[in-house]
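The values are calculated or read from the model by the stated rules, or taken from the named source; none is laboratory data. Computed from a predicted structure; not experimentally measured. Note: ideal-geometry Cβ built from the backbone for every residue, glycine included; neighbour counts use all protein chains shown.
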Amino acid sequence: MQGRSVRLLHITDPHLHAHTESRMRGIVTYETFNAVIDRVLADPDPPDAVLATGDLVQDETLAGYLLFRKAIERLDAPIFCLPGNHDAPDIMANVLQAAPFQLCGVASLAAWRLILLNTFSTGDDGGRLPQSELEFLRQALADHADHHVLVSLHHQPVPMGSRWLDGVGLRNADDLMDIIDRSPQVRALLWGHVHQASDRRRKGVRLMSTPSTCSQFLPNSDGFAVDSRPPGFRWLNLRPDGTIDSEIVWLE
């Protein structure tokens, strides 16, 4: 078990609604979400686990989360979730509380540990890690010092180069990065929120964002702008030696 690779599917920002025909920026988000699920199901190499990093539902409705659950359960894999700024955390917790779902916390995958952070901040499109969440992260890293660690969250912890988007990032990113810098077992940070793909490194740590399963934001734009790129998702192969192979799939 420890010696095998883990195939992780990262999806983010589906922005579902109570009604299957509801649109956001002209896109029927339930249709694009199911199109992503269909594409994953068609892959000959299925996911060992799924990571969903927030903004699962746009309109804060129970019905929206039930639709999310119905669609993603088709993948027949463990599903690790965390909230985004558009989510309703209490409703989310009620719907996604039993297997195959896990909401936040630590997930074990062979030689890897996924640490799922909650950056939801009431009344703010930006995010924040309260002191309790920072303490949870420190303790989780101490408990898993001998494993490879991937830390996931909704809000971006580093600038994306878009003035408007960086104005709604992680408010206390320095607190997070200070912990990451002191934790050599952390191999990557992975987030959603920004509706675009990025992949870079900082002090040896892989930093990745994944496109939305609906519409994308135009990279490097000072003001709000929508990109022409289609829905997307990310595959990650977590290797037993701590390296990561990853690719973005676009629904062209």
Quick check: anything in segment 61-75 outside any loop (DSSP other than H, G, I, E, B), more than 23 Å from Val151 (Cβ to Cβ) and modelled with pLDDT under 95?
no
Sort out which residues of segment 1-46 are of a type in the set (Val, Ile, Thr) and touching a residue at least 24 places away in the same chain (Cβ under 8 Å), and write them in order of number.
Val6, Ile11, Thr12, Thr20, Ile27, Thr29, Thr32, Val36, Ile37, Val40
Could you list, in sequence order, the residues of segment 154-206 that are of a type in the set (Phe, Trp, Tyr) and more than 17 Å from Thr53 (Cβ to Cβ)?
Trp164
For segment 81-92, which residues satisfy the criterion of being free of Cβ contacts under 8 Å to residues at least 40 places away in the same chain and either within 24 Å of Arg171 (Cα to Cα) or hydroxyl-bearing (Ser, Thr, Tyr) (or both)?
Cys81, Asp87, Ala88, Pro89, Asp90, Met92
Within segment 183-209, take every residue that is of a type in the set (Lys, Arg) and part of a strand (DSSP E or B) and give me the one that is surrounded by the most Cβ atoms within 10 Å (Cβ to Cβ).
Arg187
Just checking, how many residues over segment 31-76 are among the aromatic types (Phe, Trp, Tyr) and over 18 Å from the mean Cα position of the chain (by Cα)?
0
May I ask you to list the residues in segment 1-27 that are over 23 Å from Pro83 (Cβ atoms) and either of a type in the set (A, V, I, L, M) or not in a strand (DSSP E or B) (or both)?
Met1, Gln2, Gly3, Arg4, Ser5, Val6, Glu21, Gly26
Per the list (1) more than 25 Å from Ala111 (Cα to Cα); (2) of a type in the set (S, T, N, Q); (3) in contact with a Lys or Arg (Cβ under 8 Å, 6 or more places away or on another chain), residue check on Ser212 breaks on (3)
Any residue in segment 119-144 that's farther than 18 Å from Thr53 by Cβ: show its pairings with residues that are at pLDDT 95 or above and basic (Lys, Arg) at Cβ separation under 6 Å, as long as the two are six or more apart or on different chains.
His144/Arg113
Does segment 162-182 include one or more residues that are touching a Phe, Trp or Tyr at 6+ places or on another chain (Cβ under 9 Å), in contact (Cβ under 8 Å) with a residue 60 or more places away in the chain and in a loop (DSSP other than H, G, I, E, B)?
yes
Could you list all residues from segment 111-156 that are over 18 Å from the mean Cα position of the chain (by Cα), charged (D, E, K, R) and within 18 Å of Trp191 (Cβ to Cβ)?
Asp124
